Amino acid sequence: MAHAHYLSYTEADLDPITRLEWLDDLMFAAIDGDPVALDHAADAWEKTRDELGENAIEESRQQYMRRAQSVWHSLREQPNHPPHKVFAAIEIISLLATKPH
């Protein structure tokens, strides 16, 4: 299964560095329109944020936001842009802009 690495770890099994690397893989795949990654992005983001704290993931949040905004801006200028990729970028932007509850 191509997406096994998204599901093969529970967050508790990962040290903070490995966990951030895992989150990077997941979030960048989601931003690029991977539907499985997008399905898991919100839960993975929220759990990582809750366990590591806002400060620990702020740099990652900024990187994901820049990437998602870049994808969104470049795709919307294309006449036949893939709608699922535009949707994925907007979903991630929305997720990252939402304050924790």
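The values are calculated or read from the model by the stated rules, or taken from the named source; none is laboratory data. Please read these numbers as outputs of a predicted model, since none were measured by experiment. All Cβ positions, glycine included, derive from the backbone under ideal geometry; neighbour counts span all protein chains shown.
Computed quantities for the displayed model
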read-out	value
Residues located in the stretch 26-59, provided they are without any contact (Cβ under 8 Å) to a residue 12 or more places away in the chain and either touching a helix residue (DSSP H, G or I) at 6+ places or on another chain (Cβ under 8 Å) or within 12 Å of Glu91 (Cα to Cα) (or both)	Asp39
Any chance Asp43 is more than 9 Å from the chain's Cα centre (by Cα), within 27 Å of Leu75 (Cα to Cα), part of a helix (DSSP H, G or I) and of a type in the set (Asp, Glu)	yes
Any hit, the stretch 13-36, residues being surrounded by 14 or more Cβ atoms within 10 Å (Cβ to Cβ), in a helix (DSSP H, G or I) and more than 15 Å from the chain's Cα centre (by Cα)	no
Criterion: in a helix (DSSP H, G or I) and without any contact (Cβ under 8 Å) to a residue 12 or more places away in the chain - qualifying residue of Gln78, Gln62	Gln62
Hey, His5 closer than 20 Å to His84 by Cα, in a helix (DSSP H, G or I) and either modelled with pLDDT of 90 or more or in contact with a helix residue (DSSP H, G or I) (Cβ under 7 Å, 6 or more places away or on another chain) (or both) or not	no
Odd one out for Arg61, checked against (1) more than 23 Å from Pro16 (Cβ to Cβ); (2) out of contact with any His (no Cβ under 8 Å at 6 or more places or on another chain)	(1)
In the stretch 49-93, the residues that are of a type in the set (Gly, Ala, Ser), within 24 Å of Leu14 (Cα to Cα) and within 12 Å of the chain's Cα centre (by Cα)	Ser60
Residues that are part of a helix (DSSP H, G or I) and out of contact with any Lys or Arg (no Cβ under 8 Å at 6 or more places or on another chain), drawn from the stretch 81-91	Pro83, His84, Lys85, Phe87, Ala88, Ala89, Ile90, Glu91
